[in-house]
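Take a look at the structure below.
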Amino acid sequence: MAHAYTPGLKVSKKLLVTKKRILPLKGEVVAKVGDKAHPDMVVARTYLPGDVEPINVANQLGLPPEDIESCMLKKIGDPISEGDVIARSKPLFGIKWFSSESKSTLEGTVESISSVTGQVLLRGKPIPVEVKAYLEGEIVEVFEQEGVAVCTWGSFIQGIFGIGGETHGNIKVVVPDNTTTLEDKHIDESCKGCIVIGGSRVTADALKKAIKVEATGVVTGGFDDKDLRDFLGYDIGVAITGSEDLGTTLVITEGFGDISMAQKTFELLKSKDGEMACINGATQIRAGVIRPEVVIPLEGDVHDKQAAEEVEQHGLVIGSPIRVIRHPYFGRLGQVSGLPSPLQVLESESKARVLEVTFDAGEKAIVPRANVELIES
């Protein structure tokens, strides 16, 4: 199969999008099959165990560890509040002032008491966790005590890199074309609550301005890696993102540097100006690849199997739009114009399957199939 090992980057006007919304621990599912979902709708909830904090009661009371149980005022499982006395030594000579106390440092429960170490473990209050639908669509499946699957028809765009988590807002295109750098001058108070669409690279000042005016997201072609490092204050490293608490989610569609957003991607976003979109900047480049994404919900019956088959992706074929992801044509867009079957000898003298690509400017080149990324449309 020609497309078996070709990575794909989806940019589609219409696609059936299904997302599983799963709790980190088993809990309660509060939605049912057939329910209409919206991005802020809570579909499942649970509680994470609170933080554990040890207290060296034996040391505080000046007792050997084996004696602390006789001094405990609270037992395992007892509820406690911050400042509660959990243990008190017996008064010396019967005088109350000659006794020592150990107090709780948090609100929660007594987890364990050790007569070996002399320590008492306190467990903080459970931490509530809610999972939201993220998409506007329909609940099509329920996983008991775990979560749900939300399905919607939508325009779907995958990015190369992103930071920040799930959010939503109305699309606002602020640049005239896909080659324009997104600068702070393009962003103003009218961008509050919106997903700002740029063209080429976004500057660090523009991203800071977006956060200042409370834009929910920024989608653009490229970002300078130095700006990213200066903005975050640290190196991304292995590129696992999505947990950043910036207030604004960033999705980069093409890569790092002065790279214009693909014309097709820009035109799709521009055609959706003013419509609601759901975005997620979470990125993972290790095993189990996760790409940042933009989903623009559309009307349609999610149970229409015939419609789903009509938009099914068919892999790498003649005419498929691709992006080269290796030197010397890194970042260039084109179409597959040839798929020769025999292995060919590369400059490195190794053998590999190749394809012929015709770039947008009309130039042709032969590149290894492993060096391209399919733009699934």
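We did not get these values from a lab; they are worked out from the coordinates using the rules stated. As the structure is a prediction and not an experimental result, all values here were calculated from the model. A quick note on method: Cβ atoms are made from the backbone with ideal geometry, for glycine too, and the neighbour counts reach across all protein chains shown.
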Highest GNM mean-square fluctuation among GLN60, GLN158, GLN344, for the chain with Cα springs under 10 Å, belongs to GLN60
Amide H to amide H under 5 Å from THR249: which residues, 5+ apart in sequence or cross-chain, H placed 1.01 Å off N in plane? GLY217, VAL218
Cα→Cβ-extended label distance, 7 Å offset, between SER100 and ARG326, nm: 6.8 nm
Using just the helices of the chain, give the 222 nm mean residue ellipticity in deg cm²/dmol: DSSP H runs with n ≥ 4 each add -39,500 (n - 2.57), and the total is spread over all residues, rounded to 500. -2500 deg cm²/dmol
From zero outward in steps of 5 Å, how is the percent of C-alpha pairs of region 48-127 spread across the bins? 3, 17, 28, 24, 15, 8, 3, 1, 0, 0
Kirkwood hydrodynamic radius (Cα pairs, Å) of region 321-376? 11.3 Å
For the cross-link pairs LYS132/LYS264; LYS13/LYS270; LYS103/LYS125; LYS10/LYS272, which exceed 19 Å when the distance is taken from alpha carbon to alpha carbon? LYS132/LYS264
Residue-ordered couplings for region 115-122, obtained by feeding phi - 60° into the Karplus form 6.51 cos²θ - 1.76 cosθ + 1.60 and rounding to whole Hz (Gly and Pro as x), are 8, 9, 9, x, 9, 10, 9, 9
Tell me, what HN-Hα J-couplings in whole Hz come from the Karplus equation 6.51 cos²θ - 1.76 cosθ + 1.60 at θ = phi - 60° for each residue of region 341-347, using x for Gly and Pro? 7, x, 5, 10, 7, 8, 4
Under 5 Å between amide H atoms, partner at least 5 residues away or on a different chain: which partners does ALA87 have, H built in plane at 1.01 Å? LEU73, SER102
Based on alpha-carbon atoms only, what is the radius of gyration of the chain relative to the globular estimate 2.2 N^0.38 Å? 1.34
Order these peptides, 45-54, 330-339, by their mean beta-carbon neighbour count within 10 angstrom, highest first. 330-339, 45-54
State, in angstrom, two size descriptors of region 231-295 derived from its alpha carbons: Rg to one decimal place and Dmax to the nearest whole number. 13.4, 36
Non-local residues with an amide H under 5 Å from the amide H of VAL173, with H modelled 1.01 Å from N and Pro and chain starts lacking one, are ILE197, GLY274
May I ask for the longest run of the chain untouched by GluC sites (Glu not before Pro) that are loop-located per DSSP and have at most 10 neighbouring C-beta atoms (other than their own) within 10 Å? 145-298
Short version: ³J(HN,Hα) in whole Hz for each residue of region 328-335, in order, from phi by Karplus 6.51 cos²θ - 1.76 cosθ + 1.60 (θ = phi - 60°), x for Gly and Pro, what are they? x, 10, 3, x, 7, 9, x, 10
